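This report concerns only the one structure given below.
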Amino acid sequence: MEKTDIDRRIIEYITYLTDIKVYKSEAEYLRAVGMASTKISEVRKGKVSFRPDEIRNILINSKTLNAHWIMTGEGTMFQQEENKDISLAYAIDRCRQLEKENKELLLQVGELTGRIKEIKKDVPKENNATCADASGSDLEK
């Protein structure tokens with residue numbers, strides 16, 4: 001297994017922890033396990049990799065992280081016994097985030113639809129002109 005694959009999986013794990021709000025940021029997590037807060041950005045840029053002692057610190061500080069997955073990519077991110085509760089909590093949290101984003105987008109669509117109607121009112125109509133919306137499905141004379 002290539003070192004970059006291990007780095008990618010560690011980044012995935014750290015991102016997961018920040019997504020479910022276990023840590024406020026990736027930098028906070030890195031400081032908690034004794035690494036520089038810039039480490040993850042340097043790894044992403046390919047400047048450095050996680051060293052064996054850093055990988056050991058990550059594994060020691062996580063009771064649920066599957067070391068076999070980190071090293072080989074086989075299996076799941078978390079050890080099977082605790083995987084269900086963590087995955088469910090993450091799925092519920094992510095679902096709530098997506099529902100909130102969906103509501104915000106629906107409000108924006110409603111506002112834009114209203115603005116389009118207002119703009120259409122101001123467009124001069126001519127007897128021989130044909131008007132169409134952007135899709136071409138609203139052809140009128």
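The values are calculated or read from the model by the stated rules, or taken from the named source; none is laboratory data. If you're wondering where the values come from, they're calculated on a predicted model, not measured in any experiment. Counting neighbours? That spans all protein chains shown, and the Cβs are built from the backbone with ideal geometry, glycine included. The protein model used for the area step is the full one, side chains on, heavy atoms only, and it has no ligands, DNA or RNA in it. Shrake-Rupley method; radii C 1.70, N 1.55, O 1.52, S 1.80 Å.
Listing for the model above:
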| item | result |
| --- | --- |
| Long-range neighbours under 7 Å by Cβ, at least six apart or interchain, first residue within 14 Å of Y29 (Cα to Cα) within region 51-71, second outside any helix (DSSP H, G or I) and open to solvent by 60 Å² or more (accessible area, probe 1.4 Å) | N57/G34 |
| Close pairs from region 1-22: first at pLDDT 90 or above, partner open to solvent by less than 30 Å² (accessible area, probe 1.4 Å), Cβ under 6 Å, at least 6 apart | D7/V43; D7/F50; R9/I70; I10/F50; I14/Y29; L17/Y29 |
| Pairs with Cβ under 9 Å, 6+ apart, first in region 90-105 and surrounded by 10 or more Cβ atoms within 10 Å (Cβ to Cβ), second part of a helix (DSSP H, G or I) and modelled with pLDDT of 75 or more | Y90/Y16; Y90/D19; D93/D19; R94/D19; Q97/D19 |
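Conditions (1) of a type in the set (S, T, Y); (2) out of contact with any Phe, Trp or Tyr (no Cβ under 9 Å at 6 or more places or on another chain); (3) within 13 Å of M71 (Cα to Cα); (4) surrounded by fewer than 18 Cβ atoms within 10 Å (Cβ to Cβ), marked per residue:
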| site | (1), (2), (3), (4) |
| --- | --- |
| S41 | yes, yes, no, yes |
| R44 | no, yes, no, yes |
| K47 | no, yes, no, yes |
| R51 | no, yes, yes, yes |
